[in-house]
Each structure stands twice: as C-alpha cells, then as structure tokens.
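See structure below.
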Amino acid sequence: MRGYVCALIIAALLFLSGVVRAASTAQVRFNNVSVRAEVVSSDRERAAGLMFRETLDAGEGMLFVFDRQLRYSFWMKNMKFPLDLIWISRDKTVVDITRAAQPCVNACESLSPIQPAKYVLEVNAGFAAAHNIQIGDRIDF
C-alpha cells in the first residue's frame, strides 16, 4: 500500500510539473454525441488521470486505454469535480456506467465495473444521463 501511495504522489508531482500530459486525443462517438477525449495509455498517465484539474470542458473527456480487458478500479482522490465513468469493452460496447462519482479526500471508494472493460471514458457528471447513454450502446473512436 505504501508503494502505491508513493506512486500516486510521484504521478501528482509529474502532472503538476507538466511532464504528464496525454500525447493524443480521439473523437469518441456515441449514438448522437461526440466527445473530444485525451487518450492516456501509460501507467504514469493513467495514475495522474484528471487529478488536480479545476474543470473539464463540456464535450471533453479522458479515455483510459488498457492492454487487457479486466475489472480495473478507479478512485476519485484529488479530484475537484464529479465524473461519469463509462466502462467500455474491447468490442467497444458500454458494459457499465458509474454515474456522478464524487471527489474524495481521505476514505476513497474503489470504483469498478460489473463486467471487464478495456477502456474507460471519464466525462463530466450528468453526461451519460443527458445523452441517454446506456449499457449495451456501441461507441466508435
């Protein structure tokens, strides 16, 4: 556990120094909406995620890309605003949605999908409901 905390501190410092930034973006398309998402695929980028950012513009998000399809865990530590997490399988189908995950300070809940996912799209809270995104929806990017 101590090593994990150290890794998070290092990721936070790298993020704050501007070293960790997503190298690319992708247009993630649902039924009737598109999100411009920063693509993060390295351990360092995924560890930093959206921590310490003040806001996320409407129509923007962060797409986490993993090598394998598993039940990855996320948490909302050092976040400044709530998020929807849209869990996506390797065949680009929504397998779960965590709605309005709230920032945490000390005791942080671990958020995991009900089914394995290869991708996770983080967007502002309320996005999934506003655009009627449901489990089973197909996406493209």
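The values are calculated or read from the model by the stated rules, or taken from the named source; none is laboratory data. Predicted model, so just to flag it, every value in this text is computed and none were measured. For neighbour counting, all protein chains shown are included, and Cβ atoms are generated from backbone atoms with ideal geometry for every residue, glycine included.
Identify all residues within the stretch 49-68 that are over 17 Å from Asn124 (Cα atoms) and of a type in the set (A, V, I, L, M); write none if there are none.
Here is the first cut: in the stretch 49-68, the ones over 17 Å from Asn124 (Cα atoms) are 65-68.
Val65, the sole residue that qualifies.
Given the criteria loosely packed, with under 14 Cβ neighbours inside 10 Å, within 22 Å of Lys118 (Cα to Cα) and either at pLDDT 90 or above or not charged (D, E, K, R) (or both), does Ser42 qualify? Step through it out loud before you land on a result.
Values: loosely packed, with under 14 Cβ neighbours inside 10 Å: yes; within 22 Å of Lys118 (Cα to Cα): yes; either at pLDDT 90 or above or not charged (D, E, K, R) (or both): yes.
In short, yes.
Selection of the stretch 39-59 for residues being without any contact (Cβ under 8 Å) to a residue 12 or more places away in the chain and part of a loop (DSSP other than H, G, I, E, B) yields Ser42, Asp57. Within the stretch 122-141, the set of residues being touching a residue at least 24 places away in the same chain (Cβ under 8 Å) and either over 13 Å from Trp87 (Cα atoms) or aromatic (Phe, Trp, Tyr) (or both) comprises Asn124, Ala125, Gly126, Phe127, Ala129, His131, Asn132, Asp140, Phe141.
Restricting attention to the stretch 76-85, the residues that are free of Cβ contacts under 8 Å to residues at least 40 places away in the same chain, more than 14 Å from Val95 (Cβ to Cβ) and crowded, with 16+ Cβ neighbours inside 10 Å total 2. Got at least one residue in the stretch 92-110 being part of a strand (DSSP E or B), within 11 Å of the chain's Cα centre (by Cα), buried (at least 21 other Cβ atoms within 10 Å of the Cβ) and of a type in the set (A, V, I, L, M)? The answer is no, given that none of the residues of the stretch 92-110 is part of a strand (DSSP E or B), within 11 Å of the chain's Cα centre (by Cα), buried (at least 21 other Cβ atoms within 10 Å of the Cβ) and of a type in the set (A, V, I, L, M).
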